[in-house]
Every structure is written in structure tokens, then in C-alpha cells.
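Note sheet for the following structure.
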Amino acid sequence: MSPSSSKKKKTILEIEGYPIDGLSIGGHETCVIFPSLKMAFDIGRCPQKAISQDFLFISHGHMDHIGGLPMYVATRGLYKMKPPTIFIPNSIKDSVEKLLAVHREMDQSELKNNLIGLDAGEEFHLRKDIKVKAFKTYHGVPSLGYIVYSNKQKLKLEYLGLSGSEIKALKLSGVEITNTVTAPEIAFTGDTMSDFIVDPNNADVLKARVLVMESTFVDNAMSIEDARDYGHTHLFEIANYAAKFENKAILLMHFSARYKISDVQAAISKLPSILSGRVSALTQGFL
Ligand SMILES: [Zn+2]
Ligand SMILES: [Zn+2]
């Protein structure tokens with residue numbers, strides 16, 4: 001977990017082995033990019049680096065999260081890149097199709113894409129070694145978070161003591177020597193009230209190796225009640241729920257534009273010690 005110290009570095013952050021790029025300013029634009037997985041979460045105003053990501057996950061239809069979608073699809077078409085795969089809440093799929101149809105009508109381009117609507121709890125196998133699952137979030141409009149799982153082949157316990165050649169022989173004889181082990185790697189909340197934390201169906205969100213979580217408000221300038229009125233999470237709630245997070249790392253995002261980087265860092269430094277060293281902030285675009 002170290003902020004970029006030289007301009008040569010291509011990404012802003014590296015957390016748990018994942019380079020992370022993008023920016024997230026509440027109400028302005030949110031796009032969080034995992035370039036090694038070719039994934040972007042929300043598209044914001046479509047930052048340049050989002051265009052090379054093949055998979056896009058849209059959390060909800062607020063403009064600061066979805067505004068750049070037609071630009072993302074169009075620019076990939078312009079550069080002759082393969083049509084993107086875009087995950088969205090099922091409940092807004094028709095609207096997004098209409099939106100793209102209007103753009104097609106205007107610019108007479110194909111705007112090719114693979115649009116996949118998901119409901120909370122629904123899974124999609126992206127690759128042999130990666131699946132994604134949508135999870136319920138609590139915002140004022142239909143919304144979803146996403147969990148990315150890794151599927152790894154692990155040698156079955158009973159064969160752990162065998163030599164390489166014995167394992168090879170077993171495999172050749174047709175014995176199934178591995179189990180598929182699935183682990184939550186990344187969870188992205190989009191905008192949500194803190195209720196997602198205590199939703200028993202969301203246990204894997206709190207176990208994901210890296211949790212990217214909104215924390216729109218961070219200090220006394222806004223209360224927890226204010227945050228809830230706007231459908232958002234307050235850092236004080238994250239502090240109250242500190243013991244629930246089993247994540248190796250937590251990246252906070254979607255801070256209100258009212259804050260400076262120093263406000264955010266000061267607030268994070270006051271988090272309970274159980275979270276210290278695990279929490280960082282996406283402050284790109286803040287002063
Ligand atoms: Zn937002
Ligand atoms: Zn929103």
C-alpha cells in the first residue's frame with residue numbers, strides 16, 4: 001500500500017498486489033480501475049485510463065457513476081477495441097439500452113457492447129479463474145455492489161504429502177487431484193448507506209481481500225443522520241463497525257468535494273486501532 005512517489009509509476013496505488021487507478025469525488029465522478037484485471041468499477045466521466053478496461057461494473061444510475069458510459073463504449077469502438085462487457089443493475093438495463101439507442105440514432109455508430117443485467121446475489125463466470133457476484137447495497141435509487149472471486153485449483157488435502165512424480169502419475173490415471181477453491185478478492189460498494197455492512201447476505205464483502213468502500217462524509221461537519229439522509233456512509237459508522245471487517249485492505253472512496261486531503265487523512269488517523277494500517281484513501285483529484 002504505497003502512494004505513487006514517481007511520475008514513472010503508472011498507477012496511483014498498489015494494494016495487496018493490485019495496482020489501482022482512477023478517481024472518486026462524491027457527486028462529481030467515480031471510476032475505480034484495476035488494470036491488471038482489465039476492470040473498471042463505475043465510469044464517472046470516463047477517464048482516459050478507463051477506456052482500455054474490458055469489463056465495466058456500474059453500481060447505479062447517478063450521473064457521477066454512469067455519466068461517461070456512452071463515451072466509454074464509443075471510444076472503444078473508435079479505437080477498434082473489442083466490445084466491452086458492462087455489468088449493471090438489472091432494474092436499469094432497459095434505460096441504459098434506451099440511452100445507447102439514442103446515441104446510436106444521433107451519431108450513427110454501432111456502439112457495440114455486451115450489457116449484462118444482474119440482480120443482487122446473481123453470479124457471472126467471467127473467466128475460468130474469475131467469477132463476479134452482485135450484492136445488495138442501500139442507496140436512494142436501484143443499486144448494486146460487486147464482488148470479484150478468484151477460482152484456484154488446489155491440491156486435495158489427501159495428496160499433499162505426495163511427491164511430484166506420484167501426483168503426476170495420479171493425474172495421468174484420471175484421478176481428480178484438485179479442488180476448486182473460491183475466494184473473494186475484491187469488493188466494490190458504489191454508493192450505499194452502511195446497512196450493507198450488517199446485511200447477512202453480504203458476509204463475503206467483509207472478507208474480500210480488498211474492499212473498496214464509500215465513505216462520503218468523514219468528520220463532524222456532517223452527522224451520521226445527514227449521511228443516511230443522502231443515502232451514504234459516514235466514516236464514524238465504519239469506525240463503529242470496525243470489528244466486522246476481515247478484509248486485508250480497505251480503500252475508502254467517494255469523499256464529499258467539501259474535504260481536503262488533509263481532512264480525510266486526519267479522520268482516517270482517528271479510526272480504531274483494529275483498522276489501522278489496513279485503511280487507505282483514494283484522494284486523486286482532491287487538494
Ligand atoms: Zn455518487
Ligand atoms: Zn449515488
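Ignoring any ligand, DNA or RNA, what whole percent of the accessible area of the range 125-184 comes from carbon and sulfur when the probe is 1.4 angstrom? It is 57 percent, rounded to a whole number. For the residue pairs 128/248; 49/131; 131/152; 80/128; 207/244, alpha carbon separations beyond 21 Å are given by 128/248; 49/131; 80/128. Projecting the Cα positions of 135, 96, 184 onto the charge dipole of the range 13-281 (unit charges on Cβ atoms of Lys, Arg, Asp and Glu, taken about the Cα centre) puts 184 furthest along the positive direction. Rolling a 1.4 Å probe over the heavy atoms of the protein chains gives the chain an accessible area of 49 Å² per residue. Each of residue 158 and residue 107 was given a label point 7 Å from its Cα along the Cα-to-Cβ line. The distance between the two points is 5.9 nm. Pairs of Cα atoms nearer than 8 Å and 6+ residues apart set the relative contact order; for the chain it is 14 percent. Can you tell which of 207, 93, 270 shows the greatest fluctuation in a Gaussian network model of the chain with Cα springs below 10 Å? In the Gaussian network model the winner is 270. Modelled this way, with points 7 Å down the Cα-to-C-beta line, the labels at residue 81 and residue 239 are 4.0 nm from one another. For the chain, the alpha carbon convex hull comes to 171 Å³ per residue, rounded to a whole number.
Restricting the range 108-191 to GluC sites (Glu not before Pro) that sit in a DSSP loop and have at most 12 other Cβ atoms within 10 Å of their own Cβ leaves 110, 176. In whole angstrom, note down how far apart the Cα centers of the range 216-241 and the range 54-118 are. Each part reduced to its Cα centre gives a spacing of 31 Å.
Residues whose amide H falls under 5 Å from that of residue 57, counting only those 5 or more places apart or on a different chain, are 40, 41, 42, 87, with hydrogens built in the peptide plane.
The values are calculated or read from the model by the stated rules, or taken from the named source; none is laboratory data. The structure displayed is predicted, hence computed values, not measured ones. In this analysis, Cβ positions are derived from the backbone assuming ideal geometry, glycine residues included, and neighbour counts consider all displayed protein chains. To get the accessible areas, we keep the full protein, side chains included, count just its heavy atoms, and leave off ligands, DNA and RNA. Shrake-Rupley method; radii C 1.70, N 1.55, O 1.52, S 1.80 Å.
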